[in-house]
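Some notes on the structure that comes next.
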């Protein structure tokens, strides 16, 4: 740091810390939360770490200082992370014959407890679905007490189903020939699935809702939480998610059908949880055809993408859209897929 003034030395020290943390985050998808839960929490901050490194790079670049190399190298090493966070371009073929659409949306109990100052949330969600007409609709935090009846759709778990937790439901314009649930212990969360028939193809659709960390999105409430409590809370959640994902992967390995995985993972694309789910046979439809940050969760500090639609390699991704309507603390996502 020779030649730098005292203030610049402090800035570069902060830059070095942020670059180091981002570098460490690159190995997090390979470390099970059960092995190092505290470290795994860092994956939630990856978007912020990327943005801070971009800011530091620009800061030193404008001053023509060689210190810009630090953040530049770290950012280039994690280029795939940047691609997961922000899509600079996308291609879409929405008019291809054979296209069908899949939508996923955490509806937050249709605003049952008046989190939003809007008494017509449920009606607006129904109108939104009617306008977009997805062929397959995956809903999380769905209250069976206020069930939907959508014309032209078959459904699973849209009404009370004995032995299966409420909260998740699947609607389909295609015939449903099989359905079931993966029940998690000691939680309201679970995973449901349906097998649908599209022409000659049978397709397995999963609706995944993994354990929530329960982190406050309200800034003032979040300030009251101690960092130690937050790290412990999130670390415990990630351990639970790992157990849930292991159950899911064991179930998924038994199907020979073409597969689509939808839902609210309550974790980011930079996590161990995401890496295990996507594996080698699924692709992220946002990364294939999305635009911008693809934010799916209303977190005030930085854009968070925790809702996903993943499709196996049998599918061609012809489009992806993140909607910005404020009807929940999540935003709906929709992908356009095609089978050859």
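Derivation of every value follows stated rules applied to the coordinates shown; laboratory data play no part. Just so it is clear, the structure is predicted and the values come from calculations on it, not from any experiment. Cβ atoms come from the backbone with ideal geometry, glycine included; neighbour counts cover every protein chain shown.
Can you compute the modelled spin-label distance between residue 312 and residue 89, with each label point 7 Å from Cα toward Cβ, in nm?
3.2
Can you give the extra length, in nm with one decimal, that the chain gains between residue 301 and residue 250 once fully stretched, where that is 0.36 nm per residue apart less the Cα-Cα distance?
Taking residue 301 through residue 250 to full extension adds about 14.8 nm, to one decimal.
Once you order the gyration tensor axes a ≥ b ≥ c over the Cα atoms, which shape class does the range 100-338 get: rounded for a/c under 1.5, otherwise prolate or oblate by comparing a/b with b/c?
Rounded.
Could you tell me the center-to-center distance, by alpha carbons, between the range 256-328 and the range 14-53 in angstrom?
When both Cα centres are located, 20 Å separates them.
With the crude spin-label approximation of a point 7 Å out along Cα→Cβ, what separation in nm comes out for residue 120 versus residue 293?
With each label point 7 Å from Cα toward Cβ, the separation is 2.9 nm.
Take the alpha carbon gyration tensor of the range 234-304, find the square roots of its eigenvalues, order them as a ≥ b ≥ c, and report rounded if a/c is under 1.5; if not, report prolate when a/b exceeds b/c, else oblate.
Since a/c reaches 1.5 but b/c is at least a/b, the shape of the range 234-304 is classed as oblate.
Computed FRET efficiency, Cβ-Cβ of residue 127 and residue 186, R0 56 Å: what is it to the nearest 0.05?
Efficiency, from the Cβ-Cβ distance: 0.95.
Quick one: angle between helix 46-62 and the longest Cα principal axis of the chain, in degrees between 0 and 90, rounded to 10, please.
With rounding to tens, the tilt is 40 degrees.
Quick check: from the Cα gyration tensor, does the range 71-154 come out rounded (a/c under 1.5), prolate or oblate?
Oblate, since a/c reaches 1.5 and b/c is not below a/b.
Need one number: nm distance between label points at residue 159 and residue 233, each 7 Å from Cα along Cα→Cβ, rounded to one decimal.
Using points 7 Å along Cα→Cβ, the separation is 3.9 nm.
Taking other Cβ within 10 Å of each residue's Cβ, how do 296, 240 sort, fewest first?
By the 10 Å Cβ count, ascending: 240, 296.
Nearest 500 deg cm²/dmol is fine: what mean residue ellipticity at 222 nm does the chain get from its DSSP H runs of n ≥ 4 alone, each adding -39,500 (n - 2.57), divided by its residue count?
Estimated from H runs of four or more residues: -10500 deg cm²/dmol.
Helix 227-252: angle to the longest alpha-carbon principal axis of the chain, degrees 0 to 90, nearest 10?
With rounding to tens, the tilt is 40 degrees.
Compute the acute angle (0 to 90°) between the alpha-carbon long axis of helix 68-77 and the principal axis of greatest extent of the alpha-carbon atoms of the chain; round to the nearest 10°.
The angle comes out at about 30 degrees.
What's the extension gain from residue 30 to residue 10 if we count 0.36 nm per residue and subtract their Cα-Cα distance?
Additional length available on full extension: 4.0 nm.
Nearest-5 percent of antiparallel DSSP beta bridges in the range 100-338?
Of the beta bridges lying entirely in the range 100-338, close to 80 percent run antiparallel.
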